[in-house]
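A short write-up of the structure that comes next.
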Amino acid sequence: AVQSVYGPGNLQIAVWCGNALRDSDAQNLGIYAAAFWDAGQPNAMLYWSRDNGTTWQQLLHFDNWSVMGTTLSALPAPSTYDTALVDYVSTVDVQLNTRGSLVSASIGDLLAGGNMCLIGGEYVQFMTATPIGSAAYRLSGLLRGRYGTDTAWNVHATGETFTIIDIGAALYQEVDNSLLGKPVLMKAIQNGGDLSSATAFTVTMAGEPFMPYSPCSLTVSMDGSGNLNLAWLRRARYAGQWADYIDVIETDPPESYEVDVCTSGGLVKRTLDVTTNAAQYTAAEIAADAISGTIVFNVYEMNATVGRGYPATIDWA
């Protein structure tokens, strides 16, 4: 989750422990942060405390500000549910802070990584930025769920943090892996500000940087014996560049998965453990579980650090 804090001079700092934006960031626990402040105001610093506020140390120093703001509308679920296809239907309105602007980009620019932003918990790229008011824009032509954040594309709301991901302004800080899952207090101030009077906020060092991406191309079919056969493709958390004739590397060996077999209400009836990208829910298991109506399958890739990754879901009715 993104934590945003505000201060004097329209200071806004967003901090998130999320999916890695670079391969090198996927190897250890870390946080991303971006900051905004008004023109003419001093730059900003982020402090943290590992002893519940007794002592504070500087964690990050921001020399450059990021284009930031909030959403004026809730980004809807994508029209395609495919991270490789441009969503030409969905739009989202954003209100920027007191300086900065957004520009449109070509599809080639997007494929080269341009116009990357964070909206709530989803990394999004936008092709078109249409002005709709003073420092307000409507974003369209969207590439959704970048870097495995497709699990967040159904949970947006108005008022979410909007941040342009500019590697020259947004910062990354590796932290000790022993902090995994633990809350840490942080404060943000501008140069010359009073740290003691700044409001502390909590950032949980969640396991997102380590969580396997949800499997893709998930299918389910019934064979002649009444078994339901599932198949999928795994995704890599890093080193996932598209290369001809080879699969992506296994970033979380040994390869293993858990498949929850659920009712439409979310009750887990059984879990299938497999070590390949396929699973069978047998006719005997189907009869024993006696699920009435739709059967829901949630497929998770596993790793040793956090256990389950993000789920892929498919129904059988």
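The values are calculated or read from the model by the stated rules, or taken from the named source; none is laboratory data. Every value quoted in this text rests on a predicted model; they were computed, and no experiment measured them. Cβ placement follows ideal geometry from the backbone for every residue including glycine, while neighbour counts extend to all protein chains displayed. Quick note on the areas: whole protein, heavy atoms, side chains included, nothing else; ligands and nucleic acids left out. Shrake-Rupley method; radii C 1.70, N 1.55, O 1.52, S 1.80 Å.
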Next item on the list: Using only the alpha carbon atoms of the chain, find the Kirkwood hydrodynamic radius as the inverse mean reciprocal pair distance, in angstroms to one decimal.
Entry: 21.4
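Given a cut-off of under 8 Å on Cα pairs at least six residues apart, what relative contact order in percent is computed for the chain?
On the way: 767 pairs, mean separation 55.9, N = 317.
Worked out over the chain, it gives 18 percent.
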Item checked: For segment 129-252, convex hull volume per residue from C-alpha positions, Å³ -> 254
Check: At q = 0.19 Å⁻¹, what log₁₀ I(q)/I(0) does a Debye calculation on the Cα points of segment 193-317 give, no solvent, two decimals?
Finding: -1.03
Item checked: Whole-angstrom gap from segment 102-123 to segment 142-161, using each part's C-alpha centre -> 13
Notebook entry, point to check: Rg and Dmax of segment 163-208, Cα atoms, in Å?
Noted result: 13.3, 34
Check: HN-Hα J couplings of segment 270-277 from phi, Karplus 6.51/-1.76/1.60, θ = phi - 60°, integer Hz, Gly and Pro as x?
Finding: 6, 10, 9, 9, 9, 10, 9, 7
Check: Percent of accessible area on the chain owned by carbon and sulfur, 1.4 Å probe?
Finding: 52
Next item on the list: Rank-order 115-124, 19-28 by packing density, defined as the average count of other C-beta atoms within 10 Å over each peptide's residues, highest first.
Entry: 115-124, 19-28
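Taking N as the number of residues in segment 55-162, what is its Cα Rg relative to 2.2 N^0.38 Å?
This ratio for segment 55-162 stands at 1.10.
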Next item on the list: Would you mind computing the Rg to Rh ratio of segment 13-100 from its alpha-carbon coordinates, Kirkwood style for Rh?
Entry: 1.05
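Which value in deg cm²/dmol, rounded to the nearest 500, describes the helix-derived mean residue ellipticity at 222 nm for the chain, given -39,500 (n - 2.57) per DSSP H run of n ≥ 4 and division by the residue count?
Result for the chain, helices only: -1000 deg cm²/dmol.
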Checklist line | Per residue value of the accessible surface for segment 234-311 (all protein chains in place, 1.4 Å probe), Å² | finding: 54
